[in-house]
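Right, one structure below, let's go through it.
The values are calculated or read from the model by the stated rules, or taken from the named source; none is laboratory data. Just so it is clear, the model here is predicted, and its values are computed rather than measured. So basically every Cβ, Gly included, is an ideal-geometry build from the backbone, and we count neighbours across all protein chains shown.
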Amino acid sequence: MWHYEKRLEYPVKITTPNPQLAQYIMSQYGGPDGEMGASMRYLSQRYTAPNRTAAAVLTDIGTEELAHLEIVAAIVHQLTRNLTPEEIQKSGFGAYYTDHTTGIWPQSAGGYPFSASEFQSTGDPITDLTEDLAAEMKARTTYDNLLRLIKDPEVADPLRFLREREVVHFQRFGEALRSVQEDLDAKNFFAFNPGFDAPVSCNSCD
Amino acid sequence: MNRNCMNQNTNQNCMNQNISRNMNQGMMCQRGSSVSRAQNSCGIQTDKWSVPFAETEIPNSCRSDLICFINEVSFAAYDIMLYLDTHPDCQEALQHFRKYNELRNKALKLHAKSYGPLMTSSTDETDCSSWEWMMQPWPWELEGGAC
């Protein structure tokens, strides 16, 4: 169950449209390391989480990624306001405009549509949490790449916030992975799959 | 604070608004924070969790001030919640969570009463005869994203 709050996790107020930047930034909406893949990855993986910590971290970070998806969409939307046909042609936004006008649609900066094949849900919590660590770093790198190109502080400001959250999530996923490993035999973490061979179902107060 | 149901006349840029959109300050508005550098019982620096709102009245001179406050305390509560997911016995973090969550709930109620609901669960706080929820600005609209 989710409830909507009519506010962004971090405010976006961009006064100067820039369709070229929108074309780049939309990759964090539906690109290979974008927020849509992040939220779907964590919210799908949580069902085989073997302890309370991992289930909570996957649920709560997955939820925050949905809020980040909305922030990125707000940035792209505000960067593509009131465009003239000349601006669209000059900026390289014409290919996207042809199919979507200025609607929001999940694709990478290069035009590839969002695909679930960009993330995994293996059913093995050690594998999944290790992927999640990499995913946070890939998203951080993408924000770093974007921030190198962006001079407008009104655009860079929310992107910096999103970049910092990747670092915090990386930390929390590291702690979740450690908590899973601490429940296993340190001599061989891979003796069995704790999400399948010996699933743990502990009550919340143990 | 009186307002019209339709919310069209709510002045969102109050006169004394001096919130800087300093790139590095982000959501932090103009309030100062009392920084304490003590280590807490969980062995982590608490200065990032300084308590700028402990004795503070919830700012409500205009909608954007209140939204900014809601953003700040909600983020604080959320980030501590993530920390608690991996440190469930940290008493200091629990206290911080409770404090920020209480401020957040108070501020959300105040917003619903003064300007309209941000969540459908707080529509009861408004004394409006029409469905005020849909009249509130959407967060991707420039006026909705104000801080």
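Key figures
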read-out	value
Given (1) surrounded by fewer than 23 Cβ atoms within 10 Å (Cβ to Cβ); (2) closer than 22 Å to A:ARG160 by Cα; (3) among the aliphatic types (A, V, I, L, M), number of the condition A:ALA95 does not satisfy	(2)
Hits in region A:117-140 (condition: of a type in the set (A, V, I, L, M) and over 30 Å from A:ALA191 (Cβ atoms))	A:ALA139
Matching residues, region A:116-167, being closer than 29 Å to A:PRO50 by Cα, touching a Pro at 6+ places or on another chain (Cβ under 9 Å) and buried (at least 22 other Cβ atoms within 10 Å of the Cβ)	A:PRO125
Single condition A:SER179 does not satisfy, out of (1) among the hydroxyl-bearing types (Ser, Thr, Tyr); (2) modelled with pLDDT under 95; (3) not in a loop (DSSP other than H, G, I, E, B)	(2)
Residue in region A:84-91 that is surrounded by 20 or more Cβ atoms within 10 Å (Cβ to Cβ) and either free of Cβ contacts under 8 Å to residues at least 24 places away in the same chain or within 17 Å of the chain's Cα centre (by Cα) (or both) present	no
Any hit, region B:82-95, residues being in a helix (DSSP H, G or I), at pLDDT 95 or above and closer than 17 Å to A:TYR10 by Cβ	yes
Single match in B:CYS68, B:CYS62, B:CYS128 (criterion: of a type outside the set (A, V, I, L, M), at negative phi and under 10 Å from the mean Cα position of the chain (by Cα))	B:CYS68
Which listed residue, of A:ILE104, A:ILE71, is in contact with a His (Cβ under 9 Å, 6 or more places away or on another chain) and under 17 Å from A:VAL12 (Cα atoms)	A:ILE104
A:PRO17 being within 14 Å of another protein chain (Cβ to nearest Cβ) and either crowded, with 23+ Cβ neighbours inside 10 Å or among the charged types (D, E, K, R) (or both)	no
Within region B:93-132, considering residues that are more than 10 Å from chain A (Cβ to nearest Cβ) and among the β-branched types (Val, Ile, Thr), the one nearest to A:SER179 (Cα to Cα)	B:THR123
Residues (under 19 Å from A:GLY123 (Cβ atoms), of a type in the set (Gly, Ala, Ser) and over 9 Å from the mean Cα position of the chain (by Cα)) located in region A:30-55	A:SER44, A:ALA49, A:ALA54, A:ALA55
Region A:39-65 - residue that is crowded, with 19+ Cβ neighbours inside 10 Å and of a type in the set (A, V, I, L, M) and, of those, farthest from the other protein chains (Cβ to nearest Cβ)	A:MET40
Some residue of region B:85-92 being more than 10 Å from chain A (Cβ to nearest Cβ) and closer than 16 Å to A:ARG7 by Cα	no
Residue that is surrounded by fewer than 18 Cβ atoms within 10 Å (Cβ to Cβ), at pLDDT 95 or above and polar (S, T, N, Q), where the choices are B:ASN60, B:ASN101, B:ASN71	B:ASN101
Condition met for B:CYS128 (under 30 Å from A:LEU79 (Cβ atoms), touching a Cys at 6+ places or on another chain (Cβ under 8 Å), buried (at least 16 other Cβ atoms within 10 Å of the Cβ) and at pLDDT below 90)	no
